[in-house]
């Protein structure tokens, strides 16, 4: 029988699906990595699991411990699923701009959620970043994942996302475009694919705010190249790409 021992082993190995209408007129074959096939419905499941596994291996997270993270939702969901399987307590800090549904979903997995103000600097003691850091210092046997600076974020995609794309395209992939985020996906997967093919190109898309008069009007995207140093270290150089409304 082919049986997964738990839900965590279903993370990754997501399908590539060819796009047609949304990229009509664009030369080449455009493929989408469907990360909603992950159990938490997000690519963040990959790095959430990796951050926990690496913390366990280093001894930073011990049995019965507490996982702490500042999250807008997706990373928290991946960590909540991981914690539920492994028996950890979870405390997440988030901002008051997040939907009540996201907060309730994290709570449904057993997580404790602390809502913090949005319009404060990260160094402000009230920010979701600072609160998570403080809790990790106050709670014994706790581990603050800190996805923004944690290199396990990048390594998760170097070890899984990049190799999957290379194998699924039989080495024919030439470009990779990801949404803007912590930088872990583009840094990790991009690094792997660049090692396989030095001519390979990659970047992050930053959509402009939609027009209030015509929200279906295509808006430009800014593509940023990754420095491949840490997940949040992205170069300011960019080129432009026009998005297609869907």
Is it true that some residue in region 136-151 is without any contact (Cβ under 8 Å) to a residue 40 or more places away in the chain, assigned to a loop (DSSP other than H, G, I, E, B), closer than 18 Å to residue 59 by Cβ and in contact with a strand residue (DSSP E or B) (Cβ under 9 Å, 6 or more places away or on another chain)?
yes
Reported set for region 1-10 where residues are without any contact (Cβ under 8 Å) to a residue 40 or more places away in the chain and either within 20 Å of the chain's Cα centre (by Cα) or assigned to a helix (DSSP H, G or I) (or both) is 9, 10
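Let's see how each residue does on (1) out of contact with any helix residue (DSSP H, G or I) (no Cβ under 7 Å at 6 or more places or on another chain); (2) more than 19 Å from residue 88 (Cβ to Cβ):
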site	(1), (2)
109	no, no
127	yes, yes
148	yes, yes
153	no, no
158	no, yes
176	no, yes
191	no, yes
Mind checking whether some residue in region 109-127 is over 19 Å from the mean Cα position of the chain (by Cα), surrounded by 12 or more Cβ atoms within 10 Å (Cβ to Cβ) and at positive phi?
yes
Just to be sure before I move on: is residue 39 over 19 Å from the mean Cα position of the chain (by Cα) and farther than 19 Å from residue 182 by Cα in the structure I sent?
no
Here are some conditions: (1) surrounded by fewer than 19 Cβ atoms within 10 Å (Cβ to Cβ); (2) without any contact (Cβ under 8 Å) to a residue 60 or more places away in the chain; (3) at negative phi. Residue 87 meets all but one. Which one does it not meet?
(3)
So which of 71, 95, 82 ends up being under 16 Å from the mean Cα position of the chain (by Cα), touching a residue at least 24 places away in the same chain (Cβ under 8 Å) and within 20 Å of residue 180 (Cα to Cα)?
71
Output the residues belonging to region 55-84 that are in contact with a helix residue (DSSP H, G or I) (Cβ under 9 Å, 6 or more places away or on another chain), surrounded by fewer than 19 Cβ atoms within 10 Å (Cβ to Cβ) and at pLDDT 95 or above.
56, 60, 62, 63, 84
Options 31, 8: the member that is surrounded by 15 or more Cβ atoms within 10 Å (Cβ to Cβ), within 16 Å of residue 162 (Cα to Cα) and not assigned by TED's automatic domain parsing to the domain that holds residue 167:
31
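The values are calculated or read from the model by the stated rules, or taken from the named source; none is laboratory data. In this text, all values refer to a predicted model and were calculated from it rather than measured experimentally. Glycine gets a Cβ as well: all are built from the backbone with ideal geometry, and neighbour counts include every protein chain shown.
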